[in-house]
Each structure stands twice: as C-alpha cells, then as structure tokens.
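In what follows, a structure is listed as structure tokens, so that the remarks can point back to it.
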Amino acid sequence: MENKNVKETVRKIFTEYLESNGHRKTPERFAILDTIYSINGHFDIDMLYGLMANQENFRVSRATLYNTIILLMDAKLVIKHLFGNSSQYEKSFNIETHHHLICTQCGKVKEVQNEELKDAIANTRLNRFQMSHYSLYIYGICSRCLWAKRRKKTNK
C-alpha cells in the first residue's frame, strides 16, 4: 500500500477510534499520527518531540505526545517495545512481521525478517489460545561490539 494511502487509512481508523471513544479530534493528534507514519523504523518520545519541534504549525508538549501515543496504541496504530531500559515505538498498521536483534552491549536494535522463524511460529499449536500477533526479541552482541571486545582482548 502506497504511503499516501496508508496515511489516509490510518487517519480514518484514528478518527473512528476517537469518535467512538469520546476523544477530541485535535489537529495536534493528527499531526503526531502523520509524523509517526513518516518515520521508518523505531522511534522514542525524544525523537518524535524533535521531529514535531521542526514543524511550525504544531509545536506539542511531551505530555501531548505521551497522551497521544497511548491513544494510538489503544487504536492499534502504534506498538510499544521495551528494548532494555528504553521504550521505543513503531507504527503497526500494514507493517510486515519482523523480529528484533538487540545488542546487550550498545543497545542497537536491528529489524530482521526470517521466513523460517515466521513459519515455525505460525505453525506452532498453542493450547486454548488463538494468536493474533507476536513480537520476537533476540538478545546478543552485535558484530561491531563483538569485534571491539575481541580487539580489546588482543591488545592486553
């Protein structure tokens, strides 16, 4: 689905969510939604705040960002991830299933797609449970940190 169509669709979903739950449809909320759906990959509140600060018409407070993120998560348009100590978010509409590799040294997060993992999880039978979606986090050491660690050992 083309990015413009995705943005129109998520705007409709968010509008319906706000109306059905008695929330106000403010321009700031829609500007936040539009900014999020312009980001590729993960983001945190600080990054979103910085992006929003660059927009002349919509300078929003951190409180507005946090409150809107909660609404967007409830509307199933944003997913929250806890990578180590930090909360990061990503858009969730029309996004292909992927897995996360998280370096325990530097905290870097890399998205990977692995068909074998997807198939294995999709074909796993879960007693008395119907899976709707999942997140997979794989922790370890990235090649950059591993290289630095080996180099440090050899220099001793």
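The values are calculated or read from the model by the stated rules, or taken from the named source; none is laboratory data. From a predicted model like this one, the values you see are computed outputs, not experimental measurements. Here the Cβ positions follow ideal geometry from the backbone for every residue, glycine too, while neighbour counts run over all protein chains shown.
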Given the conditions (1) out of contact with any helix residue (DSSP H, G or I) (no Cβ under 9 Å at 6 or more places or on another chain); (2) surrounded by 12 or more Cβ atoms within 10 Å (Cβ to Cβ); (3) closer than 22 Å to Tyr134 by Cβ, every one holds for Leu72 apart from (1)
So is His81 modelled with pLDDT under 95, assigned by TED's automatic domain parsing to the domain that holds Ser135 and either closer than 26 Å to Tyr139 by Cα or out of contact with any strand residue (DSSP E or B) (no Cβ under 6 Å at 6 or more places or on another chain) (or both) or not? no
Note on Val78: of the conditions (1) surrounded by 17 or more Cβ atoms within 10 Å (Cβ to Cβ); (2) over 20 Å from Asn3 (Cα atoms), unmet is (2)
Considering residues that are within 26 Å of Asp44 (Cα to Cα) and of a type in the set (D, E, K, R), the number found within segment 108-125 is 3
Answer yes if at least one residue in segment 84-98 is in a helix (DSSP H, G or I), within 13 Å of the chain's Cα centre (by Cα) and surrounded by 14 or more Cβ atoms within 10 Å (Cβ to Cβ), and no otherwise. no
Among the residues of segment 22-38, the number that are assigned to a helix (DSSP H, G or I) and of a type outside the set (A, V, I, L, M) is 6
